[in-house]
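Structure first, commentary second.
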Amino acid sequence: MRHNKKFNHLGRKANHRAAMLSNMACSLITHKRIHTTLAKAKALRIYVEPLLTRAKEDTQANRRLVFSELKQKAVITELFQNVAEKIANRPGGYTRILRTGFRQGDAAEMCIIELVDYNDNMLKETKKAAKKSTRRAGKKAAPKAEDAPAAPAETPAEEAKAE
């Protein structure tokens, strides 16, 4: 039974799972986007988002806590210098999972997990969408021809004058 087991074990022992998630988190921070299975991406999101939250405040304690998970100095430097600047004003939700289809060999669902603030194409689309005004259903319907008062027909001279 799986009583009170809240996370996906990914078919691995605890040490293997911890090493895999650590390596995937390092790859995500380094490359800003990785291609993996959906189950691993969801597990990685749960693993890496608290680390990204810690990186927003650059203290020695936070660096040590993140280093205890990731174990790569170059990645820690990248995280606390470059990535932390981009996510500084974001309250959460630092990663995005985009489904890409199914793998040929075993039909596992594949996806791309990426850092939200680093996808320039998506950022451009959201800026364009923000400029576009939305229309709601509150618009009144045009009056029907029977209800509207008949307007006098304009003569061709009045039409030319109006233009």
**Q.** Residue pairs meeting the criteria (Cβ under 7 Å; at least 6 apart or on separate chains; first under 14 Å from Arg90 (Cβ atoms) and surrounded by 10 or more Cβ atoms within 10 Å (Cβ to Cβ), in the range 116-136; second at pLDDT 70 or above and not charged (D, E, K, R))
**A.** Val116/Gly93; Val116/Tyr94; Val116/Thr95; Asp117/Ile87
Q. Looking at (1) assigned to a helix (DSSP H, G or I); (2) at pLDDT 70 or above; (3) farther than 30 Å from Gly11 by Cα, which is the one condition that is false for Ala88?
A. (1)
Q. Quick one: is Ala55 buried (at least 17 other Cβ atoms within 10 Å of the Cβ), in contact with a strand residue (DSSP E or B) (Cβ under 7 Å, 6 or more places away or on another chain) and not polar (S, T, N, Q)?
A. no
Q: Scan the range 8-28 for residues that are crowded, with 19+ Cβ neighbours inside 10 Å and either without any contact (Cβ under 8 Å) to a residue 40 or more places away in the chain or over 20 Å from Glu114 (Cβ atoms) (or both) and report the count.
A: 2
Q: From (1) in contact with a Phe, Trp or Tyr (Cβ under 7 Å, 6 or more places away or on another chain); (2) of a type in the set (Gly, Ala, Ser); (3) farther than 23 Å from Ile112 by Cα, pick out the condition that doesn't hold for Ser68.
A: (1)
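In the range 18-39, how many residues are within 25 Å of Phe80 (Cβ to Cβ) and in a helix (DSSP H, G or I)?
Of the range 18-39, the ones within 25 Å of Phe80 (Cβ to Cβ) are 18-34, 36.
Then keep just the ones that are in a helix (DSSP H, G or I); that gives 18-31.
Matching residues across the range 18-39 total 14.
The values are calculated or read from the model by the stated rules, or taken from the named source; none is laboratory data. Because the structure is a prediction, the values reported are computed rather than measured. Backbone-built Cβ (ideal geometry, glycine too); neighbour counts: all protein chains shown.
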